[in-house]
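Trainee: First the structure, then my questions, so here it is.
The values are calculated or read from the model by the stated rules, or taken from the named source; none is laboratory data. A quick note: this is a predicted structure, and the numbers were derived from the prediction, not measured. Positions of Cβ are generated from backbone atoms using ideal geometry, with glycine treated the same way; all protein chains shown enter the neighbour counts.
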Amino acid sequence: MAYQVLARKYRPQRFADVAGQDHVTRTLLNALAQERIAHGYIFSGHRGIGKTTIARILAAALNCREAIGSEKRPTPEPCGTCDSCIEVRQGNAVDVIEIDAATNRGIDEIRELRDAARYSPARDRYKIYILDEAHQITDAAFNALLKTLEEPPSHVVFMMATTEPENIPQTIRSRCQHFSFHAVKFDDILTQLKTVAAAEQVESEEAALALLAEAGDGSMRDALSIMDQAIASAPLENGRPVLAAGQIRDLMGSVPNAVFERLLEAVAQGQSAELMEQLHVLLNAGHSPLSLSRQLVRYLRNALMAKLGGEQTELLQISADERARMARTAMLFTEEEITRNLQIVLRTFDDLNFRQEQRFHLELGLLKLVHAQRLLPLEEFLSAAAAAPGSASGSAPTRSATPPARPASSLAPSSASSVSASSASVSVSSVARQAPPASAPLSPFGSVGGSWNTTPSSSPAGGPSIKQSAAPVASPISTLAQAPTMAPVAAAKEPVSEPARSSMPFLVGAAVPVEEVEESPAPAPTPAPITRELPTAAPPEAPSPADTPNLDVLRAGIVQALAQGGHDSASQLLAGGGWSLDGGNLRIEIPGLGKKMIALTVNAAAEKILRAELQRLNGPARFLVVPGEGVAAGAAVAAVPLAGSVQEEALKHPLVQRAKEIFNAEIRSVVDLRAK
């Protein structure tokens, strides 16, 4: 007998042998047992998953000569031994007509089928028509079959198998029972391949069979076909073929997933040169750019599924070793970054299909992955811009691993007796560039961002020296000082006793210049606080000083009202702006931000609060918030604390006073954490 390929040799002959379609086989077995046989069936799904096979098994079960429950047929499964079952298995049954609808798709062929369906079966119980690739039938042919399919003779059963059920007219689908087949799971394919390898006496590695199952992509027939090809190319040992993973990769022209893991590691680290060198090695080894991009798409898809569902999710149809690899790759990126990378590679794959210079386009696509890692999310950019209104114009916020900090602002007044430990936060900004900062372990002043090398000094002044060892990261404390570049520091020199620490109702932060500060032999004189003369323009129509409140009072009241209303970003933005009276109108200049950014932060709701507060404080009737230049004009003017407020209590606290002496700083704002 001629050689028979594995896909045909091991084709299931019973419902129980079909892998991965339990929802279909269970329903059909129950229908056979209850004799609830429909006159039309539609089997749809992926290629090579058993649609035509189940149609043949159902045909054999319908025409089996043995009664259900008999000794030879105890279940609704076909017996497999009677003449009808044997003829169906061999494909020469008289009353089971299998038609290739891709070829016989016209109205003339369907008319002949309709005329032949009127006659009774030659021998068996049913005359069964199996239409393979039924979606290829024309609309006119379907219309010719419509009436027969709706009211067929009692001895006729139609079975239609298709991979595109949406192309079958709804009028046909509504007259049939529709079974949607599932793609075969990876584990089911792997189990079947092990069974076939044992039956064929093939020595195989677990990794080799896993590669074959993965290459099947949910199709049992595809996996068996590739296995047939692999066995033919496998070396022989003691007369038996041996399947190895490397040999199968060479046969399929695929690249080990370890290579793609290294490629994505280079992407995550931003190593463009390393990425191009690895790609150069792959292309010189003979791998086509189109094949590499296709495999990279599959790898990124699996990495995304591992990111979403974890290493053991059913969304991953791969072996255990590959699951661990995907989990490692998923840890390198966020969900958004993997999705973006997948979109870039998919577009690159599309470009390669109609481009001449495929290597160039693949290299360009991989470089886009590296460049995409440097993009800053819009939300993070807006948060950073709103949190640092005093930064220089044109400076871009740096990306950090920590989430954007919440800007500090002044909040509602409260009595000192109701303030508890760790319930408020004070932001302290330096106003002297040469003030010697202090260093000590974490203290009540809190912990802020930055990497520092601190060394205590034994100089007469008793002050330490601080050297920066790494670029500081984004700090949760807003720095509004006059220094060109500011960096956070997280220490105070003198240790604080536990009683004093527990009585400290505020968390104090400080900011000092980035440039290196060395201890001088003698303590530097404390410079006077930097102040700014406010504009004193008083045109004839301007209100008198008795009617207009002080700018500091206006600033404190508006900032406090915005913070109470939930507009922390607008509160912080206006707190660092330059306030002035221009012709009886309040003018607030915001440095470093454009009109669009200001409009996003100081929106209509914030403007409503600002207008109401100006009216309450008897301020100017009109106000204007415009972009400014350079450092905030009013950054050195501290907000005047209201009587009985948390800010006033913070200014009176001895630890805050000590912090002001150490850093030569002033209080900018206070955040009451109890309100959060």
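Trainee: Given the conditions (1) touching a strand residue (DSSP E or B) at 6+ places or on another chain (Cβ under 6 Å); (2) surrounded by 14 or more Cβ atoms within 10 Å (Cβ to Cβ), and given that S180 satisfies all but one, which numbered condition is not satisfied?
Mentor: Status for S180: all satisfied but (2).
Results for (1) part of a helix (DSSP H, G or I); (2) under 23 Å from S219 (Cβ atoms); (3) free of Cβ contacts under 8 Å to residues at least 12 places away in the same chain, shown as yes or no for each residue.
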| site | (1), (2), (3) |
| --- | --- |
| R298 | yes, yes, yes |
| Q317 | no, yes, no |
| D321 | yes, yes, no |
| M326 | yes, yes, no |
| L332 | no, no, no |
| E337 | yes, no, no |
| R340 | yes, no, no |
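Trainee: Please indicate, with yes or no, whether at least one residue in region 271-284 is in a loop (DSSP other than H, G, I, E, B) and not aliphatic (A, V, I, L, M).
Mentor: Scanning region 271-284 turns up at least one residue that is in a loop (DSSP other than H, G, I, E, B) and not aliphatic (A, V, I, L, M).
Trainee: Considering (1) at pLDDT 90 or above; (2) of a type outside the set (A, V, I, L, M); (3) within 39 Å of the chain's Cα centre (by Cα), say which one T53 fails and leave the rest.
Mentor: For T53, the failing item is (3).
Trainee: A follow-up question, please. Being more than 18 Å from S180 (Cα to Cα) and touching a residue at least 12 places away in the same chain (Cβ under 8 Å) is the filter here, so list the residues in region 1-15 that pass it.
Mentor: V5, L6, A7, Y10, R11, P12, Q13, R14
Trainee: Of all the residues that make up region 80-121, how many are loosely packed, with under 15 Cβ neighbours inside 10 Å, in contact with an Asp or Glu (Cβ under 6 Å, 6 or more places away or on another chain) and either farther than 21 Å from T162 by Cβ or not charged (D, E, K, R) (or both)?
Mentor: Total satisfying the criteria: 1.
Trainee: While we're looking at this one, here's another question. For region 561-603, what are the residues that are small (G, A, S), out of contact with any Ser or Thr (no Cβ under 6 Å at 6 or more places or on another chain) and outside any helix (DSSP H, G or I)?
Mentor: G565, G566, G576, G577, G578, S580, G583, G584, G594, listed by residue number.
Trainee: Is it the case that region 132-143 has a residue that's touching a Gly at 6+ places or on another chain (Cβ under 7 Å), on the phi < 0 side of the Ramachandran plot and surrounded by fewer than 17 Cβ atoms within 10 Å (Cβ to Cβ)?
Mentor: Yes, region 132-143 has at least one match.
Trainee: Restrict the check to region 181-188 and report whether at least one residue is at pLDDT below 90, over 30 Å from I37 (Cβ atoms) and of a type in the set (A, V, I, L, M, F, W, C).
Mentor: Yes; the residues of region 181-188 include at least one that is at pLDDT below 90, over 30 Å from I37 (Cβ atoms) and of a type in the set (A, V, I, L, M, F, W, C).
Table: residues versus (1) under 45 Å from the mean Cα position of the chain (by Cα); (2) in a strand (DSSP E or B); (3) surrounded by fewer than 20 Cβ atoms within 10 Å (Cβ to Cβ); (4) in the same structural domain as I226 (by TED's automatic domain parsing).
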{"residue": "R123", "(1), (2), (3), (4)": "no, no, yes, no"}
{"residue": "S154", "(1), (2), (3), (4)": "no, no, yes, no"}
{"residue": "A161", "(1), (2), (3), (4)": "yes, yes, no, no"}
{"residue": "I172", "(1), (2), (3), (4)": "yes, no, no, no"}
{"residue": "K194", "(1), (2), (3), (4)": "yes, no, yes, yes"}
{"residue": "A198", "(1), (2), (3), (4)": "yes, no, yes, yes"}
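Trainee: Would you check if there is a residue in region 21-38 being at pLDDT below 90 and surrounded by 15 or more Cβ atoms within 10 Å (Cβ to Cβ)?
Mentor: No, because not a single residue in region 21-38 is at pLDDT below 90 and surrounded by 15 or more Cβ atoms within 10 Å (Cβ to Cβ).
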